[in-house]
Amino acid sequence: MRVAVIGGGAAGFFAAISCKTHHPKAEVVIYEKGSKLLSKVKVSGGGRCNVTHQCFDNKKLAAHYPRGEKFLRNAFSQFAVEDAIDWFESNRVVLKAENDGRMFPVTDDSQTIINALMTKARQLGIVLNLKQQAAQLLVKQGGLDIISHEGIEFSYNKVIVASGGSPKIEGLQWLEVLGHAISPPVPSLFTFNMPNEPVKALMGVAVERATIKVQGTKLKQSGPLLITHWGMSGPAILKTSAWGARELSDLGYKFKIQVNWVDDKSENDLRLMINEMQENHHKRMVANKNAFGIPSRLWEFLMTKIGLRADIIWGEIGQKGVNKLVNVLLNDVYQVEGKTTFKEE
């Protein structure tokens, strides 16, 4: 049995290792078009490599993926988080869980994961071929032929494709001709560009937890939010773009978002807090006495946005000012005009 794996990333390596583990007599070869193996593993998780997530409920874990939930529930029933942890430990890699559930090697170094995969592949006798790109697959009786860009032909009984996605549908046509259905690729995990929004002046300001809604859709996500020199980023934005990848593409990346800057507070909570500020700190300047945990630069920006004077005190704010303040904290609106450049999102 001769098996080829196209793609020298994490999926390709694990597929090859699984194949060789379950079929020791098979000849298994990995083809990688680049000059380096596992290059994305190297940079994942900020160079620490977030291997898996500490969630042992397969149904719950699968529900956190924007697409493919049903498929992943089935896949996780075959190989779950516990299996991943056990596999790495059996290959001398101990994983740790952080407060948010992400799991990293205890070394905090992605090279640890790379070394484990490379060592296992070598132990099993898996052949590694670099700078070999598959241009075409030909189905033949008893197997398939891989045609390289140089026109070289390799014959195998089985071929596993682990080449990842492509930013253009043309990059997937070599699989489409075999009869596979190809969904048109669109970007995911991108940040929001806001060229005409003054909030960009606050670049570097981060809010620990905000909620994002895309107007006219059901898209809604919560998490940390970062203001950048081009607009907004951070997990709340990235998750919104991931779950809404196709919907935002259909909108041409032009839409309005509502930002709730005080995610854990209701309108009633806010009004009670403001009332307390008016009663107990009525002579204090609003700009200097922020009771909502918002970064000071953002707080001052929001005051200016709703027309409150920089020197106004809590005792002068009035009911109209209270209403404006509540609204901007819960439903602050921004116009999005595009996304970050589509490379390999």
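List of remarks:
- Crossing angle, helix 110-124 versus the chain [Cα axis fit, 0-90 degrees, rounded to tens]: 20 degrees
- Sorted largest first, the principal axis extents computed over the alpha-carbon atoms of segment 108-213 equal 62, 36, 25 Å.
- Computed about its Cα centre, the charge dipole of the chain is approximately 180 debye, with only Lys, Arg, Asp and Glu carrying charge at their Cβ.
- Segment 138-200-segment 4-80 distance, computed between alpha-carbon centres (Å): 17 Å
- Using the Karplus relation 6.51 cos²θ - 1.76 cosθ + 1.60 with θ = phi - 60°, the per-residue 3J(HN,Hα) values for segment 243-254 come to 5, x, 3, 6, 5, 6, 5, 4, 7, x, 6, 10 Hz, with x marking Gly and Pro.
- Note: the chain, Cα convex hull, 164 Å³ per residue.
- Annotation: amide H of residue 210 within the under-5 Å range of 223, 225, sequence separation 5 or more or interchain, hydrogens built in the peptide plane.
- Rounded to the nearest 20 debye, dipole of segment 138-256 from Cβ charges on Lys, Arg, Asp, Glu: 680 debye
- Note, ³J(HN,Hα) from phi for segment 84-97, Karplus 6.51, -1.76, 1.60, rounded to Hz, x at Gly and Pro: 5, 4, 5, 4, 5, 5, 5, 10, 6, 10, 9, 9, 10, 9
- Of the trypsin sites (Lys or Arg not before Pro) in segment 47-134, those whose Cβ has at most 14 other Cβ within 10 Å and which sit in DSSP loop: 67, 92, 131
- Against the main long axis of the alpha-carbon atoms of the chain, helix 296-305 sits at an angle near 60°.
- Over the chain, Cα pairs under 8 Å with separation of 6+ residues give a relative contact order of 16 percent.
- Nonlocal amide H pairs with residue 193, under 5 Å, H built at 1.01 Å: 337, 338, 339, 340
- Summarising the amide proton neighbourhood of residue 313: residues at separation of 5 or more, or on other chains, whose placed amide H is nearer than 5 Å comprise 286.
- Of the two radii for segment 2-176, the radius of gyration is 0.98 times the Kirkwood radius, both from the alpha carbons; that is the Rg over Rh value.
- Angle in degrees between helix 318-330 and the longest Cα principal axis of the chain, rounded to the nearest 10: 0 degrees
- Backbone HN-Hα couplings from phi across segment 19-34 [Karplus 6.51/-1.76/1.60, Hz, Gly and Pro as x]: 4, 5, 5, 7, 9, x, 7, 6, 8, 10, 10, 9, 10, 10, 6, x
- Rounded to the nearest 20 debye, dipole of segment 2-176 from Cβ charges on Lys, Arg, Asp, Glu: 100 debye
- For the residues 228, 211, 107, a GNM of the chain with alpha-carbon springs under 10 Å puts the largest fluctuation on 107.
- Three-way shape label, segment 216-318, alpha-carbon gyration tensor, a/c 1.5: prolate
Where a number appears in this text, it was derived from the coordinates with a stated rule and is not lab data. Fair warning: this is a prediction, and the values are worked out from it, not measured in the lab. Quick reminder, even Gly has a Cβ in these numbers, built from the backbone with ideal geometry, and neighbours come from all protein chains shown.
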